[in-house]
Amino acid sequence: MFREATRQMRVRCACPCSCVAKDASHVVGPATWERCCSPSAGRQVASPRSARAPEQDSLAQVATGNQAVFEDARVVREFIGREGWLDQGELAALLSVAPLVRSEPVLDIGVGLGRTSSLLRMLTDAYVAVDYSTEMVRMFREIHPDVTISVDDARDLSSFQNGSFSLVYFSDNGVDAIDEMGRKQYLAEARRVLRNDGLLIHSTLNKQGQNYGETPWQLHHPGKPPDLRPERIAQWCWHNLKDPFRAVRRYRNFFASRGAASDAGDWAMYPMSAHDFSIVAHFVTVTRLRSELEEAGFDVVAIYDSPSGAVIPESATRSDTPMFYAVARRRS
Ligand SMILES: C[S@@+](CC[C@H](N)C(=O)[O-])C[C@H]1O[C@@H](n2cnc3c(N)ncnc32)[C@H](O)[C@@H]1O
């Protein structure tokens with residue numbers, strides 16, 4: 001299976017350096033060509049079943065499908081009542097920038113129903129939120145009638161002028177709903193709306209973490225032992241009792257979206273269990289996370305591990321954190 005995935009990546013190769021490229025992602029631009037010729041080229045992260053080499057059209061369709069999921073009233077309701085930071089990684093990332101952006105203009109992208117609004121409004125009065133889901137924004141306005149929000153897409157922030165913000169925040173892996181090309185557009189837009197030396201934080205899923213390669217029949221996360229704590233079992237029973245069609249929905253969504261999975265080596269798109277496998281999410285390795293930020297004109301300040309809030313060392317080429325919190329500074 002692994003050999004098959006690698007073979008398909010080679011077929012997709014469009015590298016102008018005439019080597020046998022092993023990383024299909026280099027089709028997107030010259031900055032990545034050299035990676036397929038570098039000594040580390042060819043290092044692959046094992047692919048779950050059915051992940052193929054990426055094709056731009058199908059990736060764009062995946063991103064469109066993900067956007068539709070966030071318009072679904074059932075999914076929107078899942079965000080009601082969320083408050084506070086999600087984990088130590090988010091806390092550490094926000095604390096690290098707090099002294100630098102206090103009372104400064106902040107843009108909160110993919111705000112959902114506003115979990116991060118209270119956190120960021122404690123830092124500043126110049127707070128603006130956006131989300132591309134009209135349903136999220138409609139409900140957000142009911143919950144927070146006094147907060148400025150608009151329907152805007154991270155990939156097109158043309159509602160905002162150059163250099164408008166000191167901090168751009170895109171939390172809870174919202175960025176992973178968009179495809180590789182969209183990710184580049186988002187990074188370019190985030191850079192444009194940030195002032196010189198402005199800060200960007202986003203959380204993003206780790207391709208070497210426990211959420212990559214999930215299935216509806218898993219008894220534990222990939223690479224982790226089964227979680228048989230009584231509270232976890234009780235939670236599982238409760239979820240399925242209160243919503244007896246949950247399991248059916250999860251299997252149906254998984255099989256519908258699995259065909260859209262793709263693997264480019266250091267990034268991939270794969271269904272994840274959140275929202276019953278309806279989202280095909282983007283995953284990156286820590287190495288790729290650093291290089292994509294640098295290629296987009298940012299200096300990486302720190303990358304935090306999500307459960308512990310520890311800084312992942314700059315030299316690390318692997319991490320098993322489920323997701324990363326990247327803090328980056330706009331290069332002038
Ligand atoms: C996982 S939810 C998180 C919501 C909220 N930030 C929270 O932490 O509770 C991701 C949110 O990002 C939004 N989103 C995803 N891609 C987006 C994009 N390209 N532009 C704007 N919003 C986006 C979704 O509509 C959704 O509300």
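Inside the range 145-178, residues that are away from the ligand (no atom under 12 Å from the Cβ), closer than 30 Å to Thr285 by Cβ and assigned to a loop (DSSP other than H, G, I, E, B) make up a count of 0. Among the residues making up the range 192-224, those that are farther than 20 Å from Asp305 by Cα and not acidic (Asp, Glu) are Arg192, Val193, Leu194, Arg195, Asn196, Gly198, Thr215, Pro216, Trp217, Gln218, Leu219, His220.
Yes/no matrix, rows are residues, columns are (1) loosely packed, with under 13 Cβ neighbours inside 10 Å; (2) modelled with pLDDT of 80 or more; (3) more than 15 Å from the ligand (Cβ to nearest atom):
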{"residue": "Met9", "(1), (2), (3)": "no, no, yes"}
{"residue": "Arg12", "(1), (2), (3)": "no, no, yes"}
{"residue": "Pro16", "(1), (2), (3)": "yes, no, yes"}
{"residue": "Ser25", "(1), (2), (3)": "no, no, yes"}
{"residue": "Ser47", "(1), (2), (3)": "no, no, yes"}
{"residue": "Ala53", "(1), (2), (3)": "no, no, yes"}
{"residue": "Gln88", "(1), (2), (3)": "no, yes, yes"}
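Restricting to the range 317-332, count the residues that are surrounded by fewer than 18 Cβ atoms within 10 Å (Cβ to Cβ) and more than 25 Å from Arg191 (Cβ to Cβ).
Let us first name the residues in the range 317-332 that are surrounded by fewer than 18 Cβ atoms within 10 Å (Cβ to Cβ), namely 317-318, 320, 331-332.
From the residues that got through so far, the ones that are more than 25 Å from Arg191 (Cβ to Cβ) too are 317-318, 320.
Result for the range 317-332: 3.
Can you find a residue that is out of contact with any Leu (no Cβ under 8 Å at 6 or more places or on another chain) and more than 30 Å from Asn162 (Cα to Cα) anywhere in the range 294-305? Yes, because at least one residue in the range 294-305 is out of contact with any Leu (no Cβ under 8 Å at 6 or more places or on another chain) and more than 30 Å from Asn162 (Cα to Cα). Based on this model, can you work out whether Ala296 counts as of a type in the set (Gly, Ala, Ser) and farther than 21 Å from Val97 by Cβ? No, not satisfied.
Tally the residues that are out of contact with any Gly (no Cβ under 9 Å at 6 or more places or on another chain) and within 11 Å of the ligand (Cβ to nearest atom), restricting the search to the range 117-138. Spell out the reasoning first.
So in the range 117-138, the residues out of contact with any Gly (no Cβ under 9 Å at 6 or more places or on another chain) come out as 117, 120-128, 134-135, 137-138.
Cutting the leftovers down to within 11 Å of the ligand (Cβ to nearest atom) gives us 117, 120, 134-135, 137.
Number of matching residues: 5.
When you look at Val248, is it outside any loop (DSSP other than H, G, I, E, B) and either buried (at least 17 other Cβ atoms within 10 Å of the Cβ) or within 16 Å of the ligand (Cβ to nearest atom) (or both), yes or no? Considered against the rule, which asks whether it is outside any loop (DSSP other than H, G, I, E, B) and either buried (at least 17 other Cβ atoms within 10 Å of the Cβ) or within 16 Å of the ligand (Cβ to nearest atom) (or both), Val248 comes out as no.
For residues that are among the charged types (D, E, K, R) and part of a strand (DSSP E or B), tally how many sit in the range 277-310. Please lay out each step first, then the result.
Here is the first cut: in the range 277-310, the ones among the charged types (D, E, K, R) are 288, 290, 292, 294-295, 299, 305.
Applying the additional criterion that residues be part of a strand (DSSP E or B) yields 299, 305.
Of the residues in the range 277-310, 2 are among the charged types (D, E, K, R) and part of a strand (DSSP E or B).
Scanning the range 199-235 for residues that are in a helix (DSSP H, G or I) and either at pLDDT 95 or above or of a type in the set (Val, Ile, Thr) (or both) returns a single hit, Ile233. Looking at the range 173-207, which of the residues that are surrounded by 20 or more Cβ atoms within 10 Å (Cβ to Cβ) and of a type in the set (S, T, N, Q) is nearest to Phe79 (Cα to Cα)? Residue satisfying both the conditions and the ranking: Asn173. Against the conditions (1) closer than 30 Å to Arg330 by Cα; (2) within 16 Å of the ligand (Cβ to nearest atom); (3) outside any helix (DSSP H, G or I), Lys184 satisfies every one except (3). Consider the range 252-266 and keep the residues that are in a helix (DSSP H, G or I) and in contact with a helix residue (DSSP H, G or I) (Cβ under 8 Å, 6 or more places away or on another chain). The one that is nearest to Ser58 (Cα to Cα) is Ser257.
Can Glu142 be described as among the acidic types (Asp, Glu), at negative phi, within 12 Å of the ligand (Cβ to nearest atom) and outside any strand (DSSP E or B)? Considered against the rule, which asks whether it is among the acidic types (Asp, Glu), at negative phi, within 12 Å of the ligand (Cβ to nearest atom) and outside any strand (DSSP E or B), Glu142 comes out as no.
The values are calculated or read from the model by the stated rules, or taken from the named source; none is laboratory data. Keep in mind that what you see is a predicted model, and the values were worked out from it rather than measured. Ideal geometry is used to build each Cβ from the backbone, glycine not excepted, and the neighbour counts take in all protein chains shown.
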